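Below: one structure, written as structure tokens.
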Amino acid sequence: MWNISLKMFFPCFGLALGLGLLAPAAVQSQEREKDMAARGQYIFAVAGGCACHTVPKGTPHAGGRAFPIPFGKAYATNITQDKETGIGSWSDKEIRDSIVKGIRPNGERLLPIMPYEAYSGMAEEDLKALIVYLRTLKPVRKENLQPKVYVSLFRPLVTPLWLKLFGRFSNPPARAPKNSVERGRYLVEHVSLCDDCHTPRNLLMVPRRALYLAGTKAGPLGEEIPNITPDKETGIGSWSRNDIAELLLTGTKPDLDNAQGLMAELVEAGYKQMKKEDALAIADYIKSIPPIVNKIK
């Protein structure tokens, strides 16, 4: 009887021990997933809550927002987890390729109004976390609108040619910079995308690098975008680093006026959740760049 009991006891003991070891591992995996999602949520916020994918006062992240492009109009897509109209059926690699390469799962090239060139420089750790967070977005069924272009074959022919001639993709670092000025540059150029709006473009929609962050009279939605270089007359050279951080976090300017237009949307949708040290890092970087005289108003 004693031998039989041992034979019965040891398998049960082994099973219990195995389950006991697996349980903490499963809990740790869930905690890591939560941590990644929280990190991704922060990156999403610092990216302005991807406000371009939301129609003002519409359903968040469900797409449909119109943007003017040469020869027509493009519409932001649904990035919720709906499997039919959103990205719920996409693999992590497919989501990654759309963000940093501008390639849809079916091989179609996204129009470069989606700033995948800029996002190509996002740190791998931030990008992975962002994808984990995107998986948490509530599915919303909303059909995507096709671009309206007045030149046939614009996307399959013109977009690849444009990218070949003018595209600027980056080699992403494994981890985001920690140094204040370098982190500020990283956020400005690859996450918050300040330069995507504040750097003017020519008639071919190529950024005019000589006017980096110097503003434009015709921004992404046709509105005026201010000069944010340190020029004291036409830019924000008279602003302190705290003034710049305050605008990012609250939308309030030093003269107590409020940001308007797309900037106000970005603050409300995400920038206001930015850590103060990141807002100051952006300020430090902006104050480090050459001042450019470019009067917008």
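Need the C-alpha centroid separation for the range 196-244 versus the range 115-175, integer Å.
Each part reduced to its Cα centre gives a spacing of 23 Å.
Work out from phi, with θ = phi - 60° and the Karplus expression 6.51 cos²θ - 1.76 cosθ + 1.60, the ³J(HN,Hα) of each residue of the range 78-90, listed in order in whole Hz, and give x for Gly and Pro.
6, 10, 7, 8, 5, 6, 9, 10, x, 10, x, 9, 7
For VAL149, what residues show an amide H to amide H distance below 5 Å, using hydrogens built from the backbone and excluding near sequence neighbours?
LYS73
Under a crude label model (7 Å from the Cα following the beta-carbon direction), how far is LYS253 from ASN171 in nanometres?
4.2
Please list 3J(HN,Hα) in residue order for the range 204-209, calculated via the Karplus relation 6.51 cos²θ - 1.76 cosθ + 1.60 where θ = phi - 60°; whole Hz, with x for glycine and proline.
My calculation for the range 204-209 gives 8, 6, 8, x, 8, 4 Hz in order.
Residue farthest toward the positive end of the dipole of the chain, with Cβ of Lys/Arg at +1 and Asp/Glu at -1: which of THR250, PRO147, GLY261?
About the Cα centre, the residue reaching furthest to the positive side is PRO147.
By the gyration tensor of its Cα atoms, with a ≥ b ≥ c the square roots of the eigenvalues, what is the shape of the range 51-207: rounded for a/c under 1.5, prolate for a/b over b/c, or oblate?
oblate
Residues of the range 57-94 with amide nitrogen under 11 Å from the 7 Å Cα-to-Cβ point of MET205?
Only 67-75 fall inside the zone, counting backbone N under 11 Å.
With no solvent and one equal point scatterer placed on each C-alpha of the chain, evaluate the Debye formula and give log10 I(q)/I(0) for q = 0.07, 0.13 Å⁻¹, two decimals.
Calculated log10 I(q)/I(0) at the listed q: -0.32, -0.94.
How do GLU268, GLU94, GLU117 stack up against each other in accessible area, from largest to smallest, with a 1.4 angstrom probe?
From most accessible down to least: GLU268, GLU94, GLU117.
Give the distance, in whole Å, between the Cα centre of the range 249-270 and the Cα centre of the range 177-192.
The two parts, judged by their Cα centres, are 20 Å apart.
Rounded to the nearest whole Å², what accessible area per residue is found for the chain with the 1.4 Å probe?
I get 56 Å² per residue for this part.
Using a cut-off of 13 Å between beta-carbons, work out the net charge of the residues near ARG241 (Lys and Arg +1, Asp and Glu -1, ARG241 not included).
Its environment carries a net charge of -3.
In terms of solvent-accessible area of protein heavy atoms at a 1.4 angstrom probe, what is the ranking of CYS52, CYS197, highest value first?
These residues rank, largest area first, as CYS52, CYS197.
Based on DSSP H assignment, which helices of the chain show an axial Cα extent of at least 24 Å together with a mean Kyte-Doolittle hydropathy greater than or equal to 0.0?
2-46
Summarise the accessible area of the chain (1.4 Å probe, protein heavy atoms) by the percent that is carbon and sulfur.
60
The values are calculated or read from the model by the stated rules, or taken from the named source; none is laboratory data. Remember, it's a predicted structure, so these values are computed and weren't measured experimentally. A quick note on method: Cβ atoms are made from the backbone with ideal geometry, for glycine too, and the neighbour counts reach across all protein chains shown. Calculation scope for accessible area: heavy atoms of the full protein, side chains included, ligands and nucleic acids excluded. Shrake-Rupley method; radii C 1.70, N 1.55, O 1.52, S 1.80 Å.
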